[in-house]
Structure formats: structure tokens, C-alpha cells
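One structure is given below, encoded as C-alpha cells.
Read-outs throughout are calculated quantities, based only on the coordinates presented, and are distinct from any laboratory measurement. This one's a predicted model, so the numbers in the text were calculated from it and none came from an experiment. Cβ atoms come from the backbone with ideal geometry, glycine included; neighbour counts cover every protein chain shown.
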Amino acid sequence: MSSDTPLSAPTPRHFIQQIVDADLAAGKHAVVATRFPPEPNGYLHVGHAKSICLNFGLALEFKGRCHLRMDDTNPTKEDIEYVDSIKEDVRWLGFDWHEHYYQASDYFDRMHADAIKLIKLGKAFVCHLTLEQMNAYRGDHKTPGKNSPTRDASIEENLALFEKMTRGEIDEGKAVLRAKIDMASPNFHLRDPIIYRIRKTSHHNTGDKWCVYPMYDYAHPLEDAYEGITHSICTLEFEVHRPFYDWLLRTLDTPAKPQQIEFARLNLTYTVMSKRRLLELVQEKRVTSWDDPRMPTISGMRRRGYTPAAIRKFCETIGVTKHNSLTDVALLEHAIREDLNKTSPRFMAVLDPVRLVIENYPSDQVEHLEAQNNPEDPAAGSRQVPFSKTLLIERADFMEIPEKKYFRLTPGQEVRLRWGYFVTCTGCKKDAAGNITEVTCTYDPATRGGDSADGRKVKGTIHWVSEAHAGDVEVRLYDRLFSHENLNDLPDDADWRNFLNPTSLKVIRGFVEPELLKLNPSTRVQFERTGYFCVDAKDSQAGKPVFNRTVGLRDSWAKQITK
């Protein structure tokens, strides 16, 4: 191999990066400006994380700016709780909008003035059709739409009617302001779309100032133009909205003309990504809250123990394309494991206990054995673990009649106790129903630390906790919220709720090293041989942690990529 040959090919730049590269090279923009514009009508989910990483990532890469903007144009569904949660999630992911925080509602006066400008240009009119009538007038893919009876009303009449709408003199549902474009257009979004509707509802930011509110498709391009956004990046479903986006900016002749670019949204297996459906899960109490650790919300993933670095890495790995696809949730879990494996200290915890009695160990003796906190990180140091005559081990680590290639405790077999001693199983005790209640063994005092002086080897290593010193804690074993792989391909008459996984949460009592009782909320750890866990941030108390399982140790995605 030539010394000039690269060891690995550079990561290809995705199509949006290439567009920005070309725009800067052509001198189209001096500074790149992107934006993340969520509607504050729910909590952000992992699909939004992809958009956050893309928009803020582009701004960082090109030394530009990214705006955080609340698209708060619908007061019936929005709440300050959602605004606060969005800010927290963006910051937690590692991004900062600095002074560039905006709200669509801050522009309501300016948008209203632009609506009047459209009326004066003869490009907007007040319509009194009901929604049902408008749908009937719209036509279909084979038939052009019909003009509203008021489409050709005079500019003066439309100005007066819009003023009455604004003053609250017309009831909700009795009038809307529509753009006047082309009722015969093959693009239904150009068939005189609604741009203002009456909502006699208090707004969380503007209070009772307004009785009319702009539609999203009208507000969004104007917000981009007002803020000087250069690249307005959205998901593929907005591709058919782009002609109206461009028409509006062109018709109003806004100084800035942002470019709308669409990319494929994130779809995950076994996951609902609809904010409406996530809201229904909360309202119907099928989950405890928006931050339930089973939810795909950023707050739910944070509470479950996911890390910002892992989510950012996942978003980088799946890439940015123009083609919708379904991403295996195992890839997200792989990213979490990869990150937690490097950063999480190891502890021992027993989740399905059976007593192990060391017959030849002194009854009154307690030793403190040294255990490494993270073999992946020597700088993580070590801790002292209490060891005594009576331990707790996992029930699955003993088998009276062993299967083939079973290397854990079974009568006559020697195993290593993690950080402790070699022990040889001598038998077990059972209750009247035949259930194992106690396993007995002897230990070799010369094997302290888990190695033998004579060089003999054992094939099995098991974890344990000292029964007298163990902390009794609540452990929540979370699994995927849905049992169906692709919730986008359900039959039309299928109820997606029927595919909720009945075993998505199992609550048990676990026994842990005493050090685990001292952990602060949100601390992430690995339970050796079991999985990664996080101290619950809401329900834990001092000395009484509740542990959420983040993800198990088994990595199905890693096996796929190594085949």
C-alpha cells in the first residue's frame, strides 16, 4: 500500500452541505443562517433531535448562526410548558441559540400588515365558505376547483371585512382570509389556501390582543424572511408547500428570499413519531407523562439515561437524505451502548436474587475488596466492596442439573466471584414446592481478587452482593413501547393503540452495592452482566435511588455490522 493511500475514505458530504458549499462559493450569502422552528404544542422527540443536530450543526460548521424560534401561531394547542421544555431539550443536546431566540407571535403585527398588503395587491380575499364547502369547492386531482363566491370582491370590501375579523366582530368559523392564487393548480396548496382564521382564544404570549391568527404556511416563510434565514430546512412532507412558500415571498417582495430545502424525516422501528399520538398517550394515561422513559421524547430519553453525545452520534450516523426510510431502533441503542460503555462506572446489582452461603467463610468476618470502576477507563479509579459469608447472586447463575456448556454454579463446579474468590458449589436447599432457596459453596482463600496462585483457570465469573450490606432498591425494566415494527404500515382500520407492548415496563426490587445508594439523580451506571441503568431524576430520594434500565448489554446492531 502506498504511503499516500488514506486508511479510510472521508465521510461524503450530504446534499444540504453541498448546497451550502455551492451558495457560499457563488457569493450568494455572506453568513449562513438556519433555524429550528418547533411548534410549542408538545414535547420534542428524537425526530426533532435529528433536525436540531442538522440545523445547529450546519451553523456551527459554516460559522453562521442558528435561530431557535417558537412557531406559536395556534393558541388553542400551545402552552408555556412546551416552550420551556423545548429550550431545555435543545440546551441538553449541546446547542445554543445565543441571542437568536424568536417567537412567531412577536411578528403578529408585521404579519397582519403583510396580509393587508396582499389584499391591496388583489392577492387575498375574505371567504365565508365553511370548511366543508371549501373542500367541495377545491376539486380533485382530475377536476379544477371552483372560485369562492367572494373571490372577486373589491379590495375595499375585503379590507373592511378583514378589519371586522380582526376586531372580533365575526364569529369563529364564519370567515377566513385566503390567498388568491390559482384554483386550477395541480398543487392543492396553491388553490387559494387559508392564511388567516378567527380564534377568540387567549395566546400564551400576546394574551387577548388578537382575534385572528396566521396559518403556519403563511407565517413560516415570513418568519424566515424577517430573520434573514438563508436555508430553511424542513422535512419532505413540506416539499409540496414550497411553491406557496416561494409565491408568498415573491408576491410580497421581501428583502430576504430564504431557500426551502427538504430532507427525509426520521422514522424508527417500534416507535410512534407523531406528536399528536404522543399527546394521546399522555392524555389517555397509557404512559405516566411526556418524560416517561418509554417515550421517544428527548425528555423521556434523558430520564431513561440516554446521553446527548449518543443521540448526536446516532443522528450523524443515519445521515441526511431525500429518501424516506425506516431506521432500526437497534442502531440508536447501539449508539447509546457505545457511549455508555466508555463513560459508565461498573457496579454489581442482583435483580433476581438467591442466597449463596460460603460454608467455610467465617461468620463474623467482613472484607472490603477492591473493584475497578471502569475497565475501559483506568482513570475512573476503584472502590471497596463489602464481602461476607452470605451473598446474593442471580438465580440464573445456579443450575442444579446443568445444560451443556453451562459454566456457572452447579454442584461440583468452580467459578470466580467478580473481584472476590474462587468458589466451588457444594449443593442447594429447596422449599416444599421445590424452589431453590439457597445455594451452598466453599471458597479458596488463596484466590482473593479473583486469581489463583497455582494458575488454574475457571470458565465462569458471576457477580454478587453481600446480603447484609446490600441496598434494596426499586428497578424499572423498560422495553420498547410498541410491539409492531413499522407503525406506519398498519391497515387503515387498525388502531395503533392495540400494538402497545404490555411488558414495556416491569417494576422489581433489586439488591445493589452500598455505593449505589449514594448516587445523585441522573447518574448513569452499568450493572455488570445486566445492562446500563440511570438513577431516576423524578422519583429518587436521598439514599433511596430508583433505577431505570437505559438499555441491555446485548447489542444486536453490533452483530449486524460485523457480519
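Structural remarks
- The chain - Rg (one decimal) and Dmax (whole number), Cα, Å: 30.8, 102
- Note on region 349-463: percent of Cα-Cα distances in each 10 Å bin, starting at 0 and stopping at the bin with the largest distance, equals 13, 44, 33, 9, 1.
- Of the GluC sites (Glu not before Pro) found in region 59-135, the ones in coil according to DSSP and having at most 13 other Cβ atoms within 10 Å of their Cβ are Glu99.
- Pairwise centroid distance, computed over Cα atoms, of region 393-443 with region 296-351, Å: 35 Å
- In region 62-96, the trypsin sites (Lys or Arg not before Pro) that fall in loop regions by DSSP, at most 16 other Cβ within 10 Å: Lys63, Lys77
- Amide H contacts under 5 Å for Val546: Asp536, Ser540, Gln541, restricted to partners 5 or more places along the chain or on a different chain, H placed in the peptide plane at 1.01 Å from N.
- If the chain linking Lys257 and Asp492 were pulled fully straight, counting 0.36 nm for each residue of separation and taking away their Cα-Cα distance, it would gain 80.6 nm.
- Relative contact order (%) - criterion: Cα under 8 Å, at least six apart; region: the chain: 11 percent
- Label zone at Val31 (point 7 Å along Cα-to-Cβ), backbone N below 20 Å, region 42-83: 55-70
- Karplus 3J(HN,Hα) series, Hz, for region 409-421 with 6.51 cos²θ - 1.76 cosθ + 1.60 (x for Gly, Pro): 5, 7, x, x, 9, 9, 9, 9, 8, 3, 6, x, 10
- Taken one residue at a time, the phi angles of region 114-122 give Karplus couplings (6.51, -1.76, 1.60, θ = phi - 60°) of 5, 5, 5, 4, 4, 4, 5, 7, x Hz. Gly and Pro are set to x.
- Virtual spin-label span in nm between Thr442 and Gln372, 7 Å along Cα→Cβ: 3.1 nm
- Using every pair of distinct Cα positions in region 328-386, the Kirkwood expression returns a hydrodynamic radius of 14.7 angstrom.
- Panel values: region 218-322, Kirkwood radius from alpha carbon pairs, Stokes-Einstein at 25 °C and 0.890 mPa s, translational diffusion coefficient 150 µm²/s.
- The alpha carbons of region 29-263 give a radius of gyration and a Dmax of 18.2, 53 Å, in that order.
- Calculated SAXS-style log₁₀ I(q)/I(0) at q = 0.15, 0.21, 0.34 Å⁻¹ - region 154-193, Debye, Cα scatterers: -0.46, -0.72, -1.04
- With the simple model of a label 7 Å out from the Cα in the direction of the Cβ, Asn360 to Leu553 spans 2.8 nm.
- Loop sites in region 320-368: trypsin sites (Lys or Arg not before Pro), DSSP, at most 15 other Cβ within 10 Å: Lys322
- Taking 18 Å as the straight-line reach from the Cα of Lys342, the lysines in range (excluding those fewer than 8 positions away in the same chain) are Lys313.
- 19 Å tail of the calculated P(r), region 1-132, as % of Cα pairs: 65 percent
- Cross-link table Lys257/Lys322; Lys180/Lys322; Lys120/Lys322; Lys405/Lys430; Lys200/Lys257, entries beyond 28 Å C-alpha to C-alpha: Lys180/Lys322; Lys120/Lys322; Lys200/Lys257
- Here the spin labels are modelled as points 7 Å beyond Cα on the Cα-Cβ line, and at Glu284 and Ile401 they lie 4.6 nm apart.
- Taking every DSSP beta bridge that has both ends in the chain, the antiparallel portion is near 70%.
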